[in-house]
Every structure is written in structure tokens, then in C-alpha cells.
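This report concerns only the one structure given below.
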Amino acid sequence: MTQLFKKLSLKKTLAISVIALVGVSLSGCSPADQDLQDSTLTIYSGRNENLVQQVIDDFTAETGIAVEVRYAGGAELAAQILEEGQNSPADIFFSQDAGALGSLSKAGLLKAIPQELLDLVPSTYSAQDGNWVGISGRIRVLNYNPEKVTELPNSVFDLAGPQWQGRIGIAPTNASFQSFVTAMRVIEGEEKTLDWLKAMKTNAVLFEKNGAILEAVETGVVDAGLINHYYWYAKGKEVGMENMKSRITQFKDQDVGNLINVAGVGMVNDSASAKRFVEYLLSQSAQEYFASQTSEYPLIAGVPQVISLPALEEVPAPKIDLSDLDSLSETLDLIREAGLI
Amino acid sequence: MRRPPFLVVALSLGATLFASLPIGYLAIRFIEGLDKALDEVFRLRTLELLGNTGLLVLSVSISAFVIGFSQAWLTTRSNIRFASVFAVLAALPLAIPSYVMALGYISVFPTFSGFFASWLVLTLATSPYVFLAVTASLVRVDTAGEEVARSLGFGRLSVLRKITWPQVAPAATASVLLVALYTLSEFGAIAILRYDTFTRAIFNAYRGSFDRTAAAALAIVLLLITLLVIWLERRYRGANISSSRALGKRVRIDLGNWSWLALPILALVAALGVGLPIVSLIIWSILGGSSINWDQLLEALWGSFSLAGLAGVIIGIFATAIAFWAFRYRTKLGAFIETLSWATHALPAIVVGLALVFFGANITPWIYQTTWLLLIGYLILFLPNALAAISSPVARVPRSLEDLSQSLGTPANRTLFKIVLPIAMPGIIAGMALVSLTVLKELPATLLLRPTEVDTLATRLWTATETLSYSQAAPYAMLLIMLAGLPALALNAQARRAISEVREK
Amino acid sequence: MTLLKLSGLSKSFGDNQVLKSIDLELKSQELLAVLGASGAGKSTLLRLIAGFERPTSGSMTLNGAEISNSNKVLAPDKRNIGIVPQDAALFPHLSVSQNIGFGLSKWSTGDKAARLKHLLELVELTDFADARPESLSGGQAQRVALARALAPRPALVLMDEPFSALDAELRARLRLDIRKILLAEGATAVLVTHDQEEALSLADRVAVLRDGEIGQIGTPTDIYNSPIDIGIATFLGDSVLVEGQVVKGKISTALGLLNPMGKVLDGDQGLTAIRYENFYLLPNPGGEGEVVGQVFFGHDAVLEVKIGDLVIRARSNGPFAPEVGMRVKVWVRGSVNFYAN
């Protein structure tokens, strides 16, 4: 009986696989849909589906332009576009951070954003060469447990002190942390940055992602952590703001720990629909979406921020050109030298 | 000299062509930035990575071997209680993607990281490969021979070494090779647990600095390490023993008081490899309140199911062709092709993925971002998994049966399909199942090569974990484990099948 | 001199008592056959002697030293008892000479080579020294298995149905070979078999094992000629059972008055066991019997003869056997065994 069952199941496996073969060839392999693809806007999105699919659906609803989105890690998508070169099917690259956009721009794979669109956003938040434009802003914050941290540090460099040993969480492999270290390197110099990173080697508990740090601060595993501001708001939305055990704050006086970064968009193909998409992202309704749904800073004038943090122009942020944040390999060398990866 | 059938040669050469694509890609990138590439290779850091990677590969290979072999021996050859339950538990971690296992661990122990963490998680994730391979060959070993050896004055351990081991060695070393290459190419778990290996450095070269030259240089070093590992395995593998004898009677060895040591150890390994990850998944789904998007779930389920099924069958066919050529004809070329298809197995999926992006987008745009290119990616990545399972059954079919068939007037090539193929079929199907379940878990290449807007359970799981919504991730992870659990259980049943066919004493 | 002694040896698997208090003694250089139907406990007895099973009760001594009791079992590798399994079970990864030499690992190179040469000659496989097991015939494999067991000069050799996998012709030849080899080696051996012909032709003594007990033990002639009960009588050879009564020291049956073997008591009623070969048939048109069936074996034939209501079977010289339908006169030669009710 069991024998029979086993034999049957083997045959079934085969049969099912054959059915699957037919099914997939019907559903997945339709490169011949050339007509459709011409009219379809292809977006490579390094931003998470959970965060941006809604705004893309709204775009289609408003413009009638069909969209295909390819979600993956921002760096992987940048590498993919680099490999595809001139033959890339992508029209738009929507990125979490400026670095990935910068690398495509350097390789000459991005088309210029129309000036009238660049003008909508303060020039600090777009590429100097006009090849990509910022869509939403995020800042680095100190996430802390108010029961454990009574005296707030003035500068991110204070965290290097011995009183912070084992109390602080960082995510050294995360792109946003690396951008922040790049900024520190550019502003404060390699030596000081390396010293700080080495101090982190003793003081910090290492995590893979911002969200994991927040989780650790919430659960009391560490007392404080360096994260992007919107993680805290996202968690607050999930569990209710009143249930948040941790708080976020900023450092004083243009501290590099308060770095402002942006999510931005570049055009791999400057078709009309691609321009229309960039235009849509900088529209009132899309900006309101980012302000309220992803708790980021809107970048166009006239859209108010929703979060309780200081306004972007009042953030005591360091003065830095975001295009300078693409010198990541030197940063990685430093982080590695400090033994953090 | 007999000549292999055209179909066998064509499929084998096809697979070889595919397998050589990533190597060609790496060569292009390497030569393109030669000075920079050489700088990247000849750095102190390369030595450090070499040390880290070597330490991890060596330690995971050894521990996965010890654990997998012990589990197989205890559940097939001893009188330990709940043997079939422990066998299922030993096979099940195969269904759990190692990144899910790693996430499970850090969600319970947030500071779990570094060498020990990576070693533990990878050992748990890879020991089922050894367990299944050793189980399948252990049940074929005639226990009467072991008893004869005992009666000739050899203790239990010497019998294990001198009689049992030589008979399971080819399958066991092939599975350890899989473990070693798995460890070499692993990224997800290593990144989550933060241990620096070549593969992670290659990913970081892309991620951190979009530096394709540096990545290619590191990948070439990795390729050389892989060749070394393969060479070592070939050297110490030993010959497949063809045994046409009927299976002998089976006697379970009385563990006596040792069972009080063995039982808790088996239970501990099961708790670490299956219990903890699944418990943490359950905690994820309880903690989060997010509702399940059933449309997405079903779509991803179908995507995973169809891709894995298709990849399993296709890759199984290619692997069978190569095994036929390499083991039924024993030509140098066949053996070379078999080795080459192993060589690219340790390349990180991102390298294979980008190589196919490069060639696909620029040379064969008509298959770019279609299922076919993704399947070629899976073929390059997982052909060795199928080969490991299929080689032994194909090699073991007695030559005399082929001779007999030909003497009855069947031409040599027809004999291959009418005699060797059906006899080796259970092994071939096992190979297909192994590939399917590996494809189910694959992520980096799937993200790069999938048709736009086609989702699998793995890509959905990734979407959820990227934003750390574990509660949203939980149903996908559960479904993925259940789906991959089916082939894992089938493989276990297949490996242990002979046990029920043999008289119990 | 007693080599092996079993005292009250019992073995149960759960509720199933396979061996019930076995007492047995084996002298040095003796060849004992344990004869029993399948399921009688033969293999269990061998496994107990070899040390693979622990007796439930009772004990066992080899050369006067206790090797097994219900508490302590000397490990198989410490016993110096060789085994020849049912299907040879040669080590598939070793050559013929490596198989034979396997148990000689502690011997010096010179002694080992001499011993190997001697054994290969003895089993007539010198030309196959380097052959792989899978290339051997069944008979060759069994001879290798025997040589392998004999190589380290064990105190005792156990053979488990060594001929069962072979065809009849080979079986007869190998039986003689093995007898010769065992004699040449001066070995003591226990042979387990379900084939009475094998047991009777090969052994010095035969022990009949029935339902886990030794029913009878003795030389082949004793056992064959004087089975102690009907069961053993019919098990050992083809017999016709005829009811009878003792009258004046003879047995009165439907076949006339027969001479009993051993003592009988006048007036006893019971069954007489007459072996097929004890009948003598003489074709005679006035005979009381009629041949109603015939099975021809070549050298002999078994005839079915109807005498009144009784149908008997008789062995007859093959080429000269009476034909079906012929009438015959029936004699019973020699003495018969009578078992009173």
C-alpha cells in the first residue's frame, strides 16, 4: 500500500511538473508582447513595494499609462542597469539613496531631467548635473530609550565615549549608515572618522538593518541606535504611537549625525511617459503621499510635512553636496579597517 | 569505443555552454579593468577573506558531515527510538531557506552574529544534504558484511571505517562537496549574521560601490578556490561500487546506554534546525497584525510552484545527459564537462545573475526577462545539485544489463534509454526534487532575472523582510517551507525506501 | 573435548519466545548441523553464538570460558568465531584476496601471504585472487566467504544456510568441497539449514530444532533411522503414515504385519511411519495394489499406489518403475518406526 502510494506520488510529481511547464510558458514567457511594452512604462524600483506601489497605482489611474515595476535591491538594480547598458528595458530608476543614482549618472546611463522639474526641488536635493532629482527626504536620527538615556548626547562623536560601551546599535552594512559615514569622512576627514568607527567597534552592537536596531531599542537590547527617521514612524503606525517605548532625537549644531539624504529618481529613457512619471512624483498628491504614508519629508513647496520633527530647512544638518556621497569604496575601506564588517 | 547518443552529447554541451557564460562574463570584466582588478586581488584583504572563507567552509563541511552522517547512521542502522520521526526532522531544514533560518535566529537572539552564528546556521542548513545522501547509500550496505567483519575481530568503529565507509564514501563526499560549495556561495544568511566571506565581499562590491571590476576579481579568486575544492573531492572520492546483489537482511544495532546520549543530541539538532526557525515564524505571525493579501499569496505560490517544477524537470534532464556521458561512456570529455558544471556552483548568485543580464540584454534580448533566461540561471546554479543525486544511480546500473540488452538485439543507444534510464529513474527524480526545492529558496538570481512583475514566495518574503515586516513575511515563509517541505519529505522517503523493502530481523 | 556449551539458552523478542532453553555441546573438530523449518529459531541461535544477540536467559561457554549470559555478552570481535552468511556477503569494495585476508590484519606480512596462498588453493580460486566480488559466481562467492571465515583460524565457524542461494547441482558439489575444506582445516563448525539432505550428508551430528527447542540430536543415521516422534520422522524424510496395533511384538496394519524398530508393547495402538524407500513394488497382475500415479525423477520415481482404501507413496528405481495402471504386489522391507498413541 505504502509502496503504491510512493510510486504514485513520483509519477504525480512528473505530471504536475509537465502541467507547470505548459502553464509557465503560457504565462511568463511573452517577450513577443512588443506592442504592449512600447506603451508600458518600465520602472526599476529599489524602493520597497510596500512603500511605493500605491503611488504608482495612483499614477496609472491618473494618466492611464500602464506601468510594469521591477522591485529589487537598489544596488542590484543599479548593477543590472549598468550591465544592460544601452539595451536596458528600464525607463525609470527609482532609488532609495543618492549613491546608486550617482553611479548610473557617472556611467552616462541617465538622461537629463527637464529643468522645469528640477526647479520644483531645492537644488541641494538633486544631482548637480541634473541627471536625477530628489523625491523625498529623510534624516538620520538618534533612536533612544528614555528610561535608559537621560542625558542626550550633543554630537554623534559623543557616542565614542566609554559611557556608551555596549549601549548603541548601528548597521554598518546598511547603505544609509554608509552614506552617513561618507559624509563624516568628507566633512571631518578620514582620521577622525576612523577613530570614531574604531570606538564604535567597542561601543556598538551591530545589526543588519535600521529596523533591527529600532526593534532592539524598543525591546531594551540596546539603549540607543542610529537610524533613519521614518523607521520609527513606520513602527509607530504598526503598533500605535502611544505604544512606542523609544523616542527619536537629533544632535546639535549641524552635526554630521543629522545628515539629510533623499530618495530620488532618474530617467534611463527620456520618453514622454517617463517624464510624466517624474512629474507625477513631484506632484502635490504624490508628495502628500510620501509625507503621510512613508513619513518622509516632501521636497516641493506647498506640501506640509506630517511628522513632528523640525522642518527640513530647520534640521541642524551638515552642509554637504549629496553628489559627494558616491565615494563609497573609500568609506567601505574605513569601515572594514575598523573591523565593523 | 561506443559513442554516446546525439541527444546526450547535445544536452551536455548545451549545459556546458551555459555554465561557461559566467566565466566568460567574469573574464570580460576582469580584463576590462585589469590593473584595478589585479590591485583588488593582491591586497591584504584578499588574504583575510581567504582565511575567513576557508575557515567557514572547512568548519561547516566538517560539522555538517558529522551531523548528517550521525543522523543517517542512527536513523537507519541503530535501534534508536522514533527513528523515522528523527529522519523527517533531519531532512526538514532543507525546506528552510538559510536566510529565513538566520532571520529566525536574530529575531530570537538579536545580537547573534559572527563566525559562530554563521557556522551554526549553515551547518544546520546544509547537514540535510549529507543526511540524505548517506541515508540513501547506508540502506544499500549489506549488514551481513558488517557482521562478518565483526566476527573477524574488528570492533564497531573499525567496521564502520573499513567496511561501511568505503561503500558510502562516494555519495558522502559528493554531498560534502555540495555543502562546501553552498557555504562558498551563500550570501543571505552570511549577510544577516555578518561574517565576511568572498561571496559577501562580492555582493558588497556591487552594493557599496557599484564596482563590477572588483567584484569580478574577487569572483575569479572564488572560482579558483572552487576548483581546488572540487579537485580535493575528486582525489579522495573513491570509486562508485556497483552492487547488483539483492539487499541483505537488516539488523539494527542495539545502542544500549548510548541511546541516552544519542536521543538528546538528535533532539537538540532538530530543535535548532527546525524547531527554533519555525517557532520564530509563528511568533512573527502572532505579533504582527497585518492581514494576508491572498491574491498576492496565491500568485506567489503559483510562481514558486511552476518555476520550481519546471526547473526541476529541465535541470534533471540536463544532469541525466551529463551523467550518462560521464559515467556510462567514461570518456575524458564527459568527465571534463561534469567537472566544469560543478565549477560555477560556488559563484554567488548575483554574479551568475549579472552575467545573464549582460548577455541576455545585449545579445539575446528576445529571452531577456523571460522565464527561459531565469531557467538558464537556475541551470547554471543548480546543475551540480542534480548531478550529485543522479550520478550514483546512473553509475550503479550494472554494465551486464546493458550487454544483455544489446545481445537481445537492442542498439546501444536505445539500451541507454530502455534499460539504464528506467533503472536510474528513482535517483533522477530525486535529483529533480532536490533542484526544485533549491530553486524554491533561491533569491538573488530570481530577483535579477525574473520576468518583470512575476513574483515567487521567495521574492515576496524578501519584500516583506526588507521593511522588516516580519508579520507580513510569516505567511510567505510558512508557505515556502511547506511547499519545499514536500520534496524534502519525498527525498527522505526515497532515501529510506529500501529500509521497508528489506526483511527486518 | 567440549568446545562450545550452551546451557538453558533462551531468547525472546518481546512476547515472542524464539528459543526455549537450549542445551547443546559441541566437541572440537565436530561439524554440527542444526536442522529446522523456517521460523524454528535457527538463525537466532547462530546470532546468539556469534554474539550479535543477548540471550534472555541461560549461558554459553567457549573453551570453558563464559562468553554470553543474560547480563554480559562478549563482543563478536572478541570471540574468535567465524561466520559464513547466507548470501556470502563479500565486501564489495575489496578483491577476493583482500576479502580473504581481511581478518589477518594483525598477522605478519609473510604469514599472511602464506595463509592467503594456502586458502586460495584450498578453495581453488588462485586465479581469481584479484577479482572483484561482483564477477564471481554464487559458488565461488560462497567458497571465498568460507575461506574468509577460516582465515584467522577461528575456534568455530558458523554457516547460515550457505547453499540456499545455489542451484541443486552446484549445491551438491559445493557441499562436498566444503566438507573437504573444513576437514583439511581441522575446523569446528555449526551449519544451520532447512534441508535435511544437506544436514544428513554433511554433518557429524544433527540437531533438529523445532519451535525453539531441540527435538532430537544424534548422528545422521540415528536421526534418520530412529526419529523420536512422528513430527521428526516426517520432517526428516518422506513417510507414509499407517495406523496399526501391536500384536505379539509385530505391528498389524492394512499392509500386513510389520517389524517394529525398538521395543513395543502388545496391545498399543498408534501410527507407523514407513519411508517411501522402504516399500518394494513387484509388478504382478494379481497384486493387491494398483499404481495410480507416478512422478519421475530420473534415477528414481515416486509412485502412488492404491491398496484398498489406502493410498501410499513408494520410491522405486526410476527406469524400471511400474507404469500407471499396473497392478503390483507391495512389500515393506526392514523395520519401521511405531509411535503409540
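The values are calculated or read from the model by the stated rules, or taken from the named source; none is laboratory data. No experiment lies behind these values; they were computed from the predicted model shown. Note that each Cβ is placed from the backbone with ideal geometry, even for glycine, and that neighbours are counted across all protein chains shown.
Structure above, values below:
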read-out	value
Residues of the stretch C:1-52 satisfying the condition of being closer than 24 Å to C:Ile181 by Cα and in a strand (DSSP E or B)	C:Thr2, C:Leu3, C:Leu4, C:Glu25, C:Leu26, C:Lys27, C:Leu31, C:Leu32, C:Ala33, C:Val34, C:Leu35
Some residue of the stretch B:417-432 being in a loop (DSSP other than H, G, I, E, B), without any contact (Cβ under 8 Å) to a residue 40 or more places away in the chain and of a type in the set (A, V, I, L, M, F, W, C)	no
Failed item, numbered, when B:Glu453 is tested on (1) modelled with pLDDT of 90 or more; (2) facing another protein chain (nearest Cβ under 9 Å)	(1)
Qualifying positions in the stretch A:171-192 - in a helix (DSSP H, G or I) and either more than 23 Å from the chain's Cα centre (by Cα) or within 12 Å of chain B (Cβ to nearest Cβ) (or both)	A:Ala175, A:Phe177, A:Gln178, A:Ser179, A:Val181, A:Thr182, A:Glu188, A:Glu190, A:Glu191, A:Lys192
Residue that is surrounded by the fewest Cβ atoms within 10 Å (Cβ to Cβ) [pool: residues in the stretch B:337-351 that are within 12 Å of chain A (Cβ to nearest Cβ) and part of a helix (DSSP H, G or I)]	B:Ala349
Given (1) under 19 Å from B:Leu178 (Cβ atoms); (2) within 14 Å of chain A (Cβ to nearest Cβ); (3) modelled with pLDDT of 90 or more, index of the condition B:Ala495 fails	(3)
Residues of the stretch C:66-106 classified as under 20 Å from C:Gln142 (Cβ atoms) and either small (Gly, Ala, Ser) or without any contact (Cβ under 8 Å) to a residue 12 or more places away in the chain (or both), total	9
Complete set of residues in the stretch A:300-341 that are surrounded by 15 or more Cβ atoms within 10 Å (Cβ to Cβ), away from chain B (no Cβ under 14 Å) and either without any contact (Cβ under 8 Å) to a residue 40 or more places away in the chain or over 20 Å from the mean Cα position of the chain (by Cα) (or both)	A:Val303, A:Gln305, A:Val306
Residue match in the stretch C:250-264 (condition: in contact (Cβ under 8 Å) with a residue 24 or more places away in the chain, within 30 Å of C:Ala40 (Cα to Cα) and not in a loop (DSSP other than H, G, I, E, B))	no
Residues that are within 14 Å of chain A (Cβ to nearest Cβ) and touching a Lys or Arg at 6+ places or on another chain (Cβ under 6 Å), drawn from the stretch B:94-118	B:Ser113
Some residue of the stretch B:75-90 being among the charged types (D, E, K, R), touching a residue at least 24 places away in the same chain (Cβ under 8 Å), under 25 Å from B:Asp254 (Cβ atoms) and not in a helix (DSSP H, G or I)	yes
Subset tally (residues that are closer than 10 Å to C:Gly212 by Cα and of a type in the set (S, T, N, Q)) for the stretch C:13-36	2
Residues of the stretch B:462-482 that turn out to be in a helix (DSSP H, G or I) and either within 12 Å of chain A (Cβ to nearest Cβ) or acidic (Asp, Glu) (or both), as a count	9
Pairs where the first residue, in the stretch C:292-315, is under 21 Å from C:Thr234 (Cα atoms) and the second is among the hydroxyl-bearing types (Ser, Thr, Tyr), C-beta under 6 Å, 6+ apart	C:Ala301/C:Ser316; C:Leu303/C:Ser316; C:Arg313/C:Tyr276; C:Ala314/C:Tyr276; C:Arg315/C:Tyr276
Residue match in the stretch B:104-127 (condition: outside any helix (DSSP H, G or I) and crowded, with 20+ Cβ neighbours inside 10 Å)	yes
The stretch C:142-153, subset in a helix (DSSP H, G or I) and more than 9 Å from chain B (Cβ to nearest Cβ), residue farthest from C:Glu185 (Cα to Cα)	C:Gln142
Residue that is farthest from B:Tyr470 (Cα to Cα), among those in the stretch A:70-105 that are facing chain B (nearest Cβ under 8 Å) and polar (S, T, N, Q)	A:Asn87
Residues of the stretch C:102-130 satisfying the condition of being surrounded by 22 or more Cβ atoms within 10 Å (Cβ to Cβ) and more than 9 Å from every other protein chain (Cβ to nearest Cβ)	C:Leu119, C:Val123
Hits in the stretch C:1-28 - residues which are among the aliphatic types (A, V, I, L, M) and surrounded by 16 or more Cβ atoms within 10 Å (Cβ to Cβ)	C:Leu3, C:Leu4, C:Leu6, C:Leu9, C:Val18, C:Leu19, C:Ile22, C:Leu24, C:Leu26
Selection within the stretch C:314-341 - touching a helix residue (DSSP H, G or I) at 6+ places or on another chain (Cβ under 7 Å) and hydroxyl-bearing (Ser, Thr, Tyr)	C:Tyr339
Selected residue (criterion: nearest to the other protein chains (Cβ to nearest Cβ)) from residues of the stretch A:49-69 that are buried (at least 20 other Cβ atoms within 10 Å of the Cβ) and free of Cβ contacts under 8 Å to residues at least 40 places away in the same chain	A:Glu49
Test: residue in the stretch B:370-390 that is more than 24 Å from the chain's Cα centre (by Cα), closer than 29 Å to B:Leu218 by Cβ, at pLDDT 90 or above and not hydroxyl-bearing (Ser, Thr, Tyr)	no
Checklist (1) facing chain B (nearest Cβ under 8 Å); (2) surrounded by fewer than 22 Cβ atoms within 10 Å (Cβ to Cβ) applied to C:Gly58, failing item	(1)
Those strands (runs of 3 or more DSSP E) lying entirely in the stretch A:200-285 with at least 1 residues within 14 Å of another protein chain (Cβ to nearest Cβ) and surrounded by 17 or more Cβ atoms within 10 Å (Cβ to Cβ)	A:204-206, A:224-228, A:260-267
